[in-house]
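The values are calculated or read from the model by the stated rules, or taken from the named source; none is laboratory data. Note that the structure is predicted; figures quoted are calculated from it, not measured. All Cβ positions, even for glycine, are placed from backbone atoms using ideal geometry, and neighbour counts span all protein chains on display.
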Amino acid sequence: MNQLWKNFLLNQDAHFEGDTLITFPTALDSDSDNTIYPIAHLAILKIDGNDAAKLLQGQVTCNINDLTETQSSLGALCTPKGRAITTFLLAKTNDGFLMVLPKELLETVKKRLQIYILRSAVTLTDCSDQLCLIGLLQAKHLDNTLFSTSQQDQLSISIAVSHNRQLIITEVDQAITLWSDWVTHQGFIPTPSEQWRYLDIMAGLPWLTTKTSEEFIPQMLNLDQLGGISYNKGCYTGQEIVARTHYLGKAKRSLCLAECDTNLIPLPNSAIVNTDPSNTEQTSTKVLLAMRPPITSENEKARVKMLIVLQLAENNNYNLVLADDNQSHVTLLTHPL
């Protein structure tokens, strides 16, 4: 994180716990519907140069030709075996592409793309220190399509799958100016960064971690339903497995929202067992991400919400428990299609 941006947030009463967790005392007592979030768990990789589009088209699941300066896309970078190394949000700018991805996977992705550059005119730049990420949650209704993008004053991507949310990408000086205006004049309440991650879980956005990287094919993460897979773009690394899954059958696992009454938040890639007597595939369900909802006086014992990659049962019967000592019951909140 840029030091100037960090110092500004500290002056706004932010408290840093490690590199990615940022909290604010004002959020504890606020019931405002307009909230603002500093985002430090995601990074920004810039891909530019004359061959940038060609490189990405041969490596990622989404169709680069469909991206415009007003429409971004989810996608995945895969291994040759079709396993997602990372998921990302990709935006096109006037001089290249900005890839928003988990910070912990940035170097892995950068090294993987570097392998395929060879003599191509492509430059990869970690812009996490030059650009800031800000999340906005607004009460007013926004009539935007999923991942629609505005670049008038700053790059803004609509996260319209749940709530009226925008992801803002902007330079440090502009970020400070915007934050000050939104908080001082527009009534936005600074809110802990972890709550943005919680909203992503509730929206079904499948961010990966080092523990879940290369574990799942893109369809298991519902990227096909979120517009992150193109089946007519031509070849890319991992395309054969992804296409075969689409044309010859269906994925045996699917991303679902679930909840669990447990004191310990399950780690990514933790196992979940289907104990239904008719089930034979008991240990293939995994936790993708898990978080407890924001604590309030009304939900002091709120259940942990989770995105899980569910092993599909042929009879659609599920009796799920965490594969731990307590075997806490897991309840599906969304069911696989």
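Show the residue pairs meeting these rules: Cβ distance below 6 Å; 6+ apart or different chains; first residue within region 71-97 and among the acidic types (Asp, Glu); second residue at pLDDT 95 or above.
What qualifies is 95/48.
Condition test on residue 92, is it basic (Lys, Arg) and assigned to a strand (DSSP E or B)?
Judged against the criteria, residue 92 is a match.
Only one residue in 106, 113 is surrounded by 18 or more Cβ atoms within 10 Å (Cβ to Cβ) and either touching a Phe, Trp or Tyr at 6+ places or on another chain (Cβ under 6 Å) or closer than 27 Å to residue 22 by Cβ (or both), so which one is that? Walk me through it before giving the result.
Details: 113 fails: either touching a Phe, Trp or Tyr at 6+ places or on another chain (Cβ under 6 Å) or closer than 27 Å to residue 22 by Cβ (or both).
From the options 106, 113, the qualifying one is 106.
Out of (1) closer than 27 Å to residue 224 by Cβ; (2) in a loop (DSSP other than H, G, I, E, B); (3) of a type outside the set (Phe, Trp, Tyr); (4) modelled with pLDDT of 90 or more, the odd one out for residue 279 is which?
Tallying (1) closer than 27 Å to residue 224 by Cβ; (2) in a loop (DSSP other than H, G, I, E, B); (3) of a type outside the set (Phe, Trp, Tyr); (4) modelled with pLDDT of 90 or more, residue 279 fails exactly one: (4).
Taking residue 47 as the residue in question, decide whether it is farther than 24 Å from residue 220 by Cα, β-branched (Val, Ile, Thr) and touching a helix residue (DSSP H, G or I) at 6+ places or on another chain (Cβ under 9 Å).
yes
Residue 225: within 18 Å of the chain's Cα centre (by Cα) and either in contact (Cβ under 8 Å) with a residue 60 or more places away in the chain or in a loop (DSSP other than H, G, I, E, B) (or both), yes or no?
yes
Would you check if there is a residue in region 44-56 being surrounded by fewer than 21 Cβ atoms within 10 Å (Cβ to Cβ) and either under 17 Å from the mean Cα position of the chain (by Cα) or at pLDDT below 95 (or both)? Reasoning before the result, please.
To start, the set of residues in region 44-56 that are surrounded by fewer than 21 Cβ atoms within 10 Å (Cβ to Cβ) comprises 46, 48-51, 53-54.
Retained after the next criterion (residues that are either under 17 Å from the mean Cα position of the chain (by Cα) or at pLDDT below 95 (or both)): none.
No, the conditions are met nowhere in region 44-56.
Considering only residues that are over 13 Å from residue 84 (Cα atoms) and either aromatic (Phe, Trp, Tyr) or buried (at least 16 other Cβ atoms within 10 Å of the Cβ) (or both), which ones fall in region 225-242?
Once the filter is applied, which keeps residues that are over 13 Å from residue 84 (Cα atoms) and either aromatic (Phe, Trp, Tyr) or buried (at least 16 other Cβ atoms within 10 Å of the Cβ) (or both), region 225-242 yields 226, 227, 230, 231, 233.
Output the residues belonging to region 57-89 that are part of a loop (DSSP other than H, G, I, E, B), over 19 Å from residue 120 (Cα atoms) and of a type outside the set (Lys, Arg).
Of region 57-89, the ones part of a loop (DSSP other than H, G, I, E, B) are 58-59, 61-63, 67, 69-70, 72, 79-83.
Narrowing further to those that are over 19 Å from residue 120 (Cα atoms): 61-63, 67, 69-70, 72, 79-83.
Result: 61, 62, 63, 67, 69, 70, 72, 79, 80, 82.
Residue 171 is checked against (1) over 22 Å from residue 91 (Cβ atoms); (2) in the same structural domain as residue 10 (by TED's automatic domain parsing); (3) surrounded by fewer than 17 Cβ atoms within 10 Å (Cβ to Cβ) and fails just one. What number does that condition carry?
Exception for residue 171: condition (1).
Just checking, does region 245-253 include any residue being in a strand (DSSP E or B), within 30 Å of residue 313 (Cβ to Cβ) and out of contact with any Cys (no Cβ under 8 Å at 6 or more places or on another chain)?
There is at least one residue in region 245-253 that is in a strand (DSSP E or B), within 30 Å of residue 313 (Cβ to Cβ) and out of contact with any Cys (no Cβ under 8 Å at 6 or more places or on another chain).
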